[in-house]
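Asks: Attaching a single structure in structure tokens format; questions to follow.
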Amino acid sequence: MRAYQDFREFLSVLEQQKQLLRITDPVKLEPDMAAASAAATRLGNRSPALLFSNVAGYQNAQIVTNVHGSWANHALALGMDPETGIRDQFLEFVRRYRMFPGQLERVTSAPWQEVVIDKDINLFDIFPLFRWNHGDGGFFIDKPCVISRDPDDWTNDDVENVGVYRLQVKDRNHLGIQTVPQHDIAIQLAHAEARGEDLPIAIALGNEPVITLMGATPMLYTQLEYKMAAVMQGQPYRVVQNEKGLDIPYGSEAVLEGRILARKRQPEGPFGEFPGYYSGCHQYPVIEIDRVLHRKDPIYESVYVGRPWTELDYLQALTTSAPIFDQVNATFPEVQAVNALYTHGLVLIVSTKVRYGGFAKAVGLRVLSTPHGLGYAKVIIVVDEDVDPFDLNQVMWAISVRVNPAGDVLMLPNLAENLLDPACQPSGMVTKMIIDATMPVSPDIRGDYGEILETPVGTDVWLQKLEALTKELRK
Amino acid sequence: MSAIAQGAIQACPRCRSNTVAVRAVSPLAGVWTVYGCDTCFYTWRSTEPETNTDPDQYPAVFRLAAADLPKLQVAPAIPPLQAKKP
């Protein structure tokens, strides 16, 4: 466990760990940023962050991508050994998640207050903005932490919200924002708009890595992301409160202060989105920026979104799995782990002990009734506790030998689904499926299962020994 | 500005409106210019491929008609105004 002071400290650690690659060759914003970042996602489990410092048209701009873009970087973000496997990262993430809440630490100043711009703001001049995908409607800020409060409960810290929402830069000081109705900020915006008032917001860019993960976690409305970040890093979370009362991370590179304009909508999009398809173009809310604060020579961070897997899939991997596990396990303590790594949990694998015949199907149904299950989980695969849901070789084995489609596949027509899932028919509706890949137990007497092969005695000891030896061999 | 004045940029590549403005020029002079459309809010850089910058080569699948913009789905819906709270 470790608390990073700021974004730059984390980049330094990535560099020390050989998980950051400095690109000093000249690059063009289009298409090099997208091409290099897409290529980085194909480098495997040790894919590094990319720091570009020779950007066409700029004297000294720095752009960093793929910061969370590998299991090694994800582990380092959580202060863990970069070699930590996915299942162990999941178990540790859940352990900390269940220690909620931690504490806020309010301080009066932060490095991002070094430079203040409050007139003639031009976001295009301040940040090296660029297009990610060819059909995107413009240049998007896509890895921000957007901070807001509830106008109907303004001083209640627990309903303050930190969320990662895509922002299209519309002109010099206006942004479009995607706030789908399930998002917490949509509740706050509805309260402000019912009053006919603008919603004050702060947008933090280039953040230390934990708060970005928390902003991407579908927590409850009354759970403050900073208090979850505090238990994730093992220390109170340091923030600076601005004049409006919004708490802003101490460790950010830049902060945009502004308002979501009441009752105003403008064309926004398309944008290449997490399912690997472009979103459509909609009339979305508009933000007006009143003030920009930043460190000298701010490092601009962005996340490439393309056909999975990309950095985005790491951002919404364990952050999606842990809340679902926590909610399902509270009802069914037999549930061992949840793997919601695939496309924000559109496909999801649950491992569970099976108490009696039909139990696994009930577990699958419970997943569908979690908040995330209502709008995302579409294909649920339930496996026994002896199958690691994070090891697809094991999952495919379970499906191979423990599924008889005649009795193990449940189709549930016309359930709610996120609009961004292109398989919806009509938009927002889909048929969902539960695959029971557990071995039938009494009174479910289907199949002809004899004795299962056992793992040889001493395998675990040998595994540790061989891992150490192979590590030595590769030094 | 000069590019518009010279007629190099006449219409938005996506919606063909004539509401195009310069958003920024490169800090190192002469490398690129960023343009934006005040009707559909499409944004592009002068150094991008013509399929991003030229209305005639912009992909049909991404084109928008200015007249259709008000018909786009509104999300989230705008709630009714409440009576003023004390």
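Asks: Test A:ARG22 against the stated conditions and say whether it is part of a loop (DSSP other than H, G, I, E, B), more than 14 Å from chain B (Cβ to nearest Cβ), open to solvent by 50 Å² or more (accessible area, probe 1.4 Å) and not β-branched (Val, Ile, Thr). Working first, answer last.
Replies: Values: part of a loop (DSSP other than H, G, I, E, B): no; more than 14 Å from chain B (Cβ to nearest Cβ): yes; open to solvent by 50 Å² or more (accessible area, probe 1.4 Å): yes; not β-branched (Val, Ile, Thr): yes.
Answer is no for this residue.
Asks: Looking at A:VAL210, A:VAL286, which is the one that is more than 14 Å from chain B (Cβ to nearest Cβ) and among the hydrophobic types (A, V, I, L, M, F, W, C)? Step through it out loud before you land on a result.
Replies: Working: A:VAL286 fails: more than 14 Å from chain B (Cβ to nearest Cβ).
Every option except A:VAL210 fails the conditions.
Asks: Another question, if that's okay. Tell me, which residue of region A:133-152 that is of a type outside the set (Gly, Ala, Ser) and within 12 Å of another protein chain (Cβ to nearest Cβ) is nearest to the chain's Cα centre (by Cα)?
Replies: Of the residues in region A:133-152, the ones of a type outside the set (Gly, Ala, Ser) are A:133-134, A:136, A:139-147, A:149-152.
Pick out the ones that are also within 12 Å of another protein chain (Cβ to nearest Cβ) and you get A:133-134, A:136, A:139-140, A:151-152.
Values: A:ASN133: 20, A:HIS134: 23, A:ASP136: 21, A:PHE139: 21, A:PHE140: 17, A:PRO151: 26, A:ASP152: 28 Å.
Looking at residues that are of a type outside the set (Gly, Ala, Ser) and within 12 Å of another protein chain (Cβ to nearest Cβ), I get A:PHE140.
Asks: Ok, one more. Failed condition for A:LEU91, given (1) part of a loop (DSSP other than H, G, I, E, B); (2) more than 27 Å from A:VAL255 (Cβ to Cβ); (3) in contact (Cβ under 8 Å) with a residue 12 or more places away in the chain, with all others met?
Replies: Going through the list (1) part of a loop (DSSP other than H, G, I, E, B); (2) more than 27 Å from A:VAL255 (Cβ to Cβ); (3) in contact (Cβ under 8 Å) with a residue 12 or more places away in the chain, A:LEU91 breaks only (1).
Asks: Inside region A:188-219, can you point out the residues that are more than 20 Å from the chain's Cα centre (by Cα) and under 25 Å from A:ALA416 (Cβ atoms)?
Replies: Narrowing region A:188-219 to residues more than 20 Å from the chain's Cα centre (by Cα): A:188-201.
Of everything in region A:188-219, those that are more than 20 Å from the chain's Cα centre (by Cα) and under 25 Å from A:ALA416 (Cβ atoms) turn out to be A:GLN188, A:LEU189, A:ALA190, A:HIS191, A:GLU193, A:ALA194.
Rundown of residues vs (1) within 22 Å of A:LEU78 (Cβ to Cβ); (2) open to solvent by less than 10 Å² (accessible area, probe 1.4 Å); (3) touching a helix residue (DSSP H, G or I) at 6+ places or on another chain (Cβ under 6 Å), yes/no style:
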{"site": "A:ASP153", "(1), (2), (3)": "no, no, yes"}
{"site": "A:ASN173", "(1), (2), (3)": "no, no, no"}
{"site": "A:THR179", "(1), (2), (3)": "no, yes, yes"}
{"site": "A:GLN182", "(1), (2), (3)": "no, no, yes"}
{"site": "A:ALA204", "(1), (2), (3)": "yes, yes, no"}
{"site": "A:THR212", "(1), (2), (3)": "yes, yes, no"}
{"site": "A:GLN223", "(1), (2), (3)": "yes, no, no"}
{"site": "A:MET228", "(1), (2), (3)": "yes, yes, yes"}
{"site": "A:GLN235", "(1), (2), (3)": "yes, no, no"}
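Asks: Does A:PHE130 satisfy the criteria of being surrounded by 22 or more Cβ atoms within 10 Å (Cβ to Cβ) and in contact with a Leu (Cβ under 6 Å, 6 or more places away or on another chain)?
Replies: Values: surrounded by 22 or more Cβ atoms within 10 Å (Cβ to Cβ): yes; in contact with a Leu (Cβ under 6 Å, 6 or more places away or on another chain): yes.
Against the criterion (surrounded by 22 or more Cβ atoms within 10 Å (Cβ to Cβ) and in contact with a Leu (Cβ under 6 Å, 6 or more places away or on another chain)), A:PHE130 qualifies.
Asks: With respect to A:THR65, determine if the residue is modelled with pLDDT under 95, closer than 22 Å to A:PHE10 by Cβ and surrounded by 21 or more Cβ atoms within 10 Å (Cβ to Cβ).
Replies: Details: modelled with pLDDT under 95: no; closer than 22 Å to A:PHE10 by Cβ: yes; surrounded by 21 or more Cβ atoms within 10 Å (Cβ to Cβ): yes.
Answer is no for this residue.
Asks: Would you check if A:ILE117 is more than 20 Å from the chain's Cα centre (by Cα) and either within 25 Å of A:ALA38 (Cα to Cα) or not charged (D, E, K, R) (or both)? Can you show your working first?
Replies: Working: more than 20 Å from the chain's Cα centre (by Cα): yes; either within 25 Å of A:ALA38 (Cα to Cα) or not charged (D, E, K, R) (or both): yes.
When the stated conditions are applied, A:ILE117 passes them.
Asks: If A:LEU199 satisfies every condition in (1) away from chain B (no Cβ under 14 Å); (2) crowded, with 23+ Cβ neighbours inside 10 Å; (3) touching a strand residue (DSSP E or B) at 6+ places or on another chain (Cβ under 7 Å) but one, which is the exception?
Replies: Of the numbered conditions (1) away from chain B (no Cβ under 14 Å); (2) crowded, with 23+ Cβ neighbours inside 10 Å; (3) touching a strand residue (DSSP E or B) at 6+ places or on another chain (Cβ under 7 Å), the odd one out for A:LEU199 is (1).
Asks: Moving on to the next point. Mind listing whichever residues of region A:391-423 are under 26 Å from the mean Cα position of the chain (by Cα), open to solvent by less than 20 Å² (accessible area, probe 1.4 Å) and of a type outside the set (Asp, Glu)?
Replies: We begin by selecting, within region A:391-423, every residue under 26 Å from the mean Cα position of the chain (by Cα); these are A:391-396, A:415-423.
From the residues that got through so far, the ones that are open to solvent by less than 20 Å² (accessible area, probe 1.4 Å) too are A:395, A:417-418, A:421.
Those that are under 26 Å from the mean Cα position of the chain (by Cα), open to solvent by less than 20 Å² (accessible area, probe 1.4 Å) and of a type outside the set (Asp, Glu): A:VAL395, A:ASN418.
Asks: When region A:294-323 is examined, which residues are found to be surrounded by 20 or more Cβ atoms within 10 Å (Cβ to Cβ) and of a type in the set (Phe, Trp, Tyr)?
Replies: Of everything in region A:294-323, those that are surrounded by 20 or more Cβ atoms within 10 Å (Cβ to Cβ) and of a type in the set (Phe, Trp, Tyr) turn out to be A:TYR300, A:TYR304, A:TYR314.
Asks: Condition first: in a loop (DSSP other than H, G, I, E, B), of a type outside the set (S, T, N, Q), out of contact with any Leu (no Cβ under 7 Å at 6 or more places or on another chain) and facing another protein chain (nearest Cβ under 9 Å). Now tell me which residues in region B:33-56 satisfy that. Even if it seems obvious, please write down each step before you answer.
Replies: Filtering region B:33-56 for residues in a loop (DSSP other than H, G, I, E, B) gives B:38-42, B:46-49, B:54-56.
Add one more test, that the residue is of a type outside the set (S, T, N, Q), and what stays is B:38, B:40-42, B:48-49, B:54-56.
Remaining after also requiring out of contact with any Leu (no Cβ under 7 Å at 6 or more places or on another chain): B:38, B:41-42, B:48-49, B:54-56.
B:ASP38, B:PHE41, B:TYR42, B:GLU48, B:PRO49 - these are the residues of region B:33-56 that are in a loop (DSSP other than H, G, I, E, B), of a type outside the set (S, T, N, Q), out of contact with any Leu (no Cβ under 7 Å at 6 or more places or on another chain) and facing another protein chain (nearest Cβ under 9 Å).
Asks: Suppose the filter is open to solvent by 10 Å² or more (accessible area, probe 1.4 Å), farther than 20 Å from A:ASN133 by Cα and free of Cβ contacts under 8 Å to residues at least 24 places away in the same chain; does A:GLU83 pass it?
Replies: Numbers: open to solvent by 10 Å² or more (accessible area, probe 1.4 Å): yes; farther than 20 Å from A:ASN133 by Cα: yes; free of Cβ contacts under 8 Å to residues at least 24 places away in the same chain: yes.
Answer is yes for this residue.
Asks: What is the number of the single condition among (1) over 20 Å from the mean Cα position of the chain (by Cα); (2) within 14 Å of chain B (Cβ to nearest Cβ) that A:TYR278 does not meet?
Replies: So the condition that A:TYR278 fails would be (1).
Asks: Of all residues in region A:206-234, which are in contact with a His (Cβ under 8 Å, 6 or more places away or on another chain) and either of a type in the set (Ser, Thr, Tyr) or under 25 Å from A:GLN62 (Cβ atoms) (or both)? Spell out how you get there, then give the answer.
Replies: The first filter runs over region A:206-234 and keeps only residues in contact with a His (Cβ under 8 Å, 6 or more places away or on another chain), leaving A:209, A:212-213, A:218.
Residues satisfying the conditions are A:PRO209, A:THR212, A:LEU213.
Asks: Among the residues of region A:324-355, what is the count of those that are in contact with a helix residue (DSSP H, G or I) (Cβ under 7 Å, 6 or more places away or on another chain) and open to solvent by 30 Å² or more (accessible area, probe 1.4 Å)?
Replies: 4
Asks: For the subset of region A:160-171 comprising residues that are open to solvent by 10 Å² or more (accessible area, probe 1.4 Å) and in contact with a helix residue (DSSP H, G or I) (Cβ under 8 Å, 6 or more places away or on another chain), which member is nearest to the other protein chains (Cβ to nearest Cβ)?
Replies: Initial filter on region A:160-171 (open to solvent by 10 Å² or more (accessible area, probe 1.4 Å)): A:164-166, A:171.
Among the residues that remain, those that are also in contact with a helix residue (DSSP H, G or I) (Cβ under 8 Å, 6 or more places away or on another chain) are: A:164-165.
Values: A:VAL164: 17, A:TYR165: 12 Å.
If we take residues in region A:160-171 being open to solvent by 10 Å² or more (accessible area, probe 1.4 Å) and in contact with a helix residue (DSSP H, G or I) (Cβ under 8 Å, 6 or more places away or on another chain), then A:TYR165 is nearest to the other protein chains (Cβ to nearest Cβ).
Asks: Here's a follow-up. Please work out if A:PRO270 is touching an Asp or Glu at 6+ places or on another chain (Cβ under 8 Å) and away from chain B (no Cβ under 14 Å). Can you show your working first?
Replies: On the way: touching an Asp or Glu at 6+ places or on another chain (Cβ under 8 Å): yes; away from chain B (no Cβ under 14 Å): no.
For A:PRO270, the condition - touching an Asp or Glu at 6+ places or on another chain (Cβ under 8 Å) and away from chain B (no Cβ under 14 Å) - is not met.
Asks: Given the conditions (1) in contact with a Ser or Thr (Cβ under 9 Å, 6 or more places away or on another chain); (2) part of a loop (DSSP other than H, G, I, E, B), report the number of the one that A:CYS424 does not fulfil.
Replies: With respect to (1) in contact with a Ser or Thr (Cβ under 9 Å, 6 or more places away or on another chain); (2) part of a loop (DSSP other than H, G, I, E, B), A:CYS424 is out only on (1).
Asks: Could you check region B:57-86 and list, in sequence order, the residues that are more than 8 Å from every other protein chain (Cβ to nearest Cβ), closer than 20 Å to A:ARG131 by Cα and open to solvent by 80 Å² or more (accessible area, probe 1.4 Å)?
Replies: Selection gives B:GLN57, B:ARG63.
Asks: State yes or no: is A:ASN418 modelled with pLDDT under 95 and polar (S, T, N, Q)? Even if it seems obvious, please write down each step before you answer.
Replies: Working: modelled with pLDDT under 95: yes; polar (S, T, N, Q): yes.
Spelling it out, A:ASN418 is indeed modelled with pLDDT under 95 and polar (S, T, N, Q).
Asks: Read through the list (1) at pLDDT 95 or above; (2) part of a loop (DSSP other than H, G, I, E, B); (3) under 25 Å from A:VAL286 (Cβ atoms); (4) away from chain A (no Cβ under 11 Å), then give the number of the only condition that B:ILE9 fails.
Replies: (1)
The values are calculated or read from the model by the stated rules, or taken from the named source; none is laboratory data. Predicted model only: the values in this text are computed from it and were never measured. In this analysis, Cβ positions are derived from the backbone assuming ideal geometry, glycine residues included, and neighbour counts consider all displayed protein chains. Ligands, DNA and RNA are excluded from the accessible area calculation, which covers all protein heavy atoms including side chains. Shrake-Rupley method; radii C 1.70, N 1.55, O 1.52, S 1.80 Å.
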